[in-house]
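Worksheet: the structure to be examined is printed underneath.
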Amino acid sequence: AGIGKCVALELARRNARTILACRSRERGQAAVEEIRAATGNPAVLLRLLDTSSLASVRAFAQAVLREEARLDVLVNNAGLTGLPLSITAEGLEQTFTTNYLGPFLLTNLLLG
């Protein structure tokens, strides 16, 4: 939804192979179908990613590196507010992990 979906839509309009990295399979698949219909680009894909989970970030990065020949653009767009305070299963503050640690780790893992 929001900025991320708009960016993905524009990349797909430019005929880019576009991977939507989403926490929710249902919402992500709906966005994929909407973007494919709006652009005619069949190369819009869904991959699950939760940047509040460093294990999810590592699994996503491994899959991208294994499945994709190259990665030209990475748009880190995850965002979460800090209310109420929440701790992840890995013992990290959820907002900080979602907004900073997860995207930082993802970027570094994808740099190769």
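Can you name the residue in the range 76-98 that is open to solvent by less than 50 Å² (accessible area, probe 1.4 Å) and more than 26 Å from Cys6 (Cβ to Cβ) and is also nearest to the chain's Cα centre (by Cα) among such residues?
Filtering the range 76-98 for residues that are open to solvent by less than 50 Å² (accessible area, probe 1.4 Å) and more than 26 Å from Cys6 (Cβ to Cβ), the one nearest to the chain's Cα centre (by Cα) comes out as Thr88.
Answer with yes or no whether Val32 is in contact with a strand residue (DSSP E or B) (Cβ under 9 Å, 6 or more places away or on another chain), surrounded by 14 or more Cβ atoms within 10 Å (Cβ to Cβ) and under 20 Å from Lys5 (Cα atoms).
Numbers: in contact with a strand residue (DSSP E or B) (Cβ under 9 Å, 6 or more places away or on another chain): yes; surrounded by 14 or more Cβ atoms within 10 Å (Cβ to Cβ): yes; under 20 Å from Lys5 (Cα atoms): yes.
Yes.
How many of the residues in the range 43-84 are under 24 Å from Glu10 (Cα atoms), part of a loop (DSSP other than H, G, I, E, B) and either of a type outside the set (A, V, I, L, M) or in contact with a strand residue (DSSP E or B) (Cβ under 8 Å, 6 or more places away or on another chain) (or both)?
10
Within the range 99-112, restricting attention to residues that are of a type in the set (A, V, I, L, M) and farther than 20 Å from Arg25 by Cβ, which residue is most open to solvent (accessible area, probe 1.4 Å)? Show your work before the answer.
First, the residues of the range 99-112 that are of a type in the set (A, V, I, L, M): 101, 105-106, 109-111.
Retained after the next criterion (residues that are farther than 20 Å from Arg25 by Cβ): 101, 105, 109-111.
Values: Leu101: 54, Leu105: 35, Leu109: 63, Leu110: 24, Leu111: 129 Å².
Going through the qualifying residues, I end up with Leu111.
Within the range 49-75, take every residue that is open to solvent by 20 Å² or more (accessible area, probe 1.4 Å) and β-branched (Val, Ile, Thr) and give me the one that is farthest from the chain's Cα centre (by Cα).
The extreme case among them is Val73.
Going through the range 34-80 one residue at a time, which ones are of a type in the set (D, E, K, R), in contact with a helix residue (DSSP H, G or I) (Cβ under 9 Å, 6 or more places away or on another chain) and under 29 Å from Phe96 (Cβ atoms)? Lay out the reasoning, then the answer.
Within the range 34-80, the subset of a type in the set (D, E, K, R) is 34, 36, 47, 50, 58, 66-68, 70, 72.
Then keep just the ones that are in contact with a helix residue (DSSP H, G or I) (Cβ under 9 Å, 6 or more places away or on another chain); that gives 34, 36, 47, 50, 58.
Of everything in the range 34-80, those that are of a type in the set (D, E, K, R), in contact with a helix residue (DSSP H, G or I) (Cβ under 9 Å, 6 or more places away or on another chain) and under 29 Å from Phe96 (Cβ atoms) turn out to be Arg47, Asp50, Arg58.
Being open to solvent by less than 90 Å² (accessible area, probe 1.4 Å), under 14 Å from Leu49 (Cβ atoms) and not β-branched (Val, Ile, Thr) is the filter here, so list the residues in the range 1-28 that pass it.
Gly4, Ala8, Leu20, Ala21, Cys22, Ser24, Gly28
The values are calculated or read from the model by the stated rules, or taken from the named source; none is laboratory data. All values derive from a computational prediction rather than experimental measurement. Please note: Cβ atoms are built from the backbone with ideal geometry, for glycine as well, and neighbour counts cover all protein chains shown. All accessible areas refer to the heavy atoms of the entire protein, side chains included, with ligands and DNA or RNA removed. Shrake-Rupley method; radii C 1.70, N 1.55, O 1.52, S 1.80 Å.
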